[in-house]
Amino acid sequence: MAVFRRILDFYLEGSIHVALSCAALVLMTQHMFDLPRNLWVVGFAFFGTIVGYNFVKYDALARTGKLPLKKQLKAIIALSVLAFFGVALSFFKLQWPTQLMALLFLALTILYTLPFFPNRKNARNWKGVKIYMVALCWVGATVVLPVLDSGIAITTDFWLKCVQRFLLLFSLILVFEINDLKNDDPNLKTVPQQIGIFQTKMLGLCLLLGFYFLEFLKRDFETQQLLINAILVAVMALLLGFANESRNKYYTSFWAESVPVFWLMLLLIFG
């Protein structure tokens, strides 16, 4: 059991799980727009998430002096180096407009992590900004990049999917903010800090309903996708409803972050 727990912790702390979720969302986008299965875009999302998340996570820990156990840190550094080569190879296989957009989201990630302005904190610590930046970066990586790289025409369905994905991710991040309420700096002005836990849950439910009903605005919406989205919304509503400050880290770092993979699995089951 102890060995299993160490493997699970490395899997989560090394950002492999969240990277699989990001890759799953890219695959969902490719399905929704009937795009060719471009594994370079999927690989860029997967490896880029490992590098980006570990950079954000362990840069912050290094600054506070709260580094994890030495062996685990070395293993995560090795994983991140391998992932860096993976993301670099994938990057050069993308179309040049996609590369430019990817560099833009890289700049946002760096801005999120490092303080560029004198006497200023990084964007991660700007009041009320964190949730919007994270959701925006995920929309970019999982919707904008795969569509842009495919070269298809940008239609109203594309913008609709961007809004839907933003609402979905925003509501999912609310689960994390509720779970982290007890440990977050009050100056961060997260949503639960500003409006309370109950109101945050109500906000999340409203966003999930918006995500679901926007599907009807699609030019050719499918009954199958409506069913899949209904199950997804129900599961996310449960995660949001049962979220509280006393939940352990696995509630968010494993179960909540499994939502995109679960969404893809629903597609495979009902597809």
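The values are calculated or read from the model by the stated rules, or taken from the named source; none is laboratory data. Treat the numbers as computed from the prediction; the structure is a model and nothing was measured. Cβ placement follows ideal geometry from the backbone for every residue including glycine, while neighbour counts extend to all protein chains displayed. Protein only, heavy atoms only, side chains kept; ligands, DNA and RNA dropped before computing areas. Shrake-Rupley method; radii C 1.70, N 1.55, O 1.52, S 1.80 Å.
Some points to look at:
- The stretch 185-202 residues that are open to solvent by 70 Å² or more (accessible area, probe 1.4 Å), paired with ones that are among the small types (Gly, Ala, Ser) (beta carbon under 9 Å, 6 or more apart): LYS189/GLY128; GLN194/GLY128
- Given (1) modelled with pLDDT of 95 or more; (2) out of contact with any helix residue (DSSP H, G or I) (no Cβ under 7 Å at 6 or more places or on another chain); (3) open to solvent by less than 60 Å² (accessible area, probe 1.4 Å), index of the condition VAL259 fails: (2)
- Taken over the stretch 13-23, the criterion of being over 21 Å from LEU89 (Cβ atoms) and modelled with pLDDT of 95 or more is satisfied by HIS17, SER21.
- Looking across the stretch 78-90 at every residue that is over 12 Å from GLY52 (Cα atoms) and open to solvent by 40 Å² or more (accessible area, probe 1.4 Å), the one that is modelled with the lowest pLDDT is identified as ALA78.
- Failed item in (1) modelled with pLDDT of 80 or more; (2) open to solvent by 40 Å² or more (accessible area, probe 1.4 Å), with LEU61 passing the rest: (1)
- Checked against the criterion of being free of Cβ contacts under 8 Å to residues at least 24 places away in the same chain, open to solvent by 10 Å² or more (accessible area, probe 1.4 Å), in contact with a helix residue (DSSP H, G or I) (Cβ under 9 Å, 6 or more places away or on another chain) and charged (D, E, K, R), the candidates ARG5, ARG37 yield just one match: ARG37.
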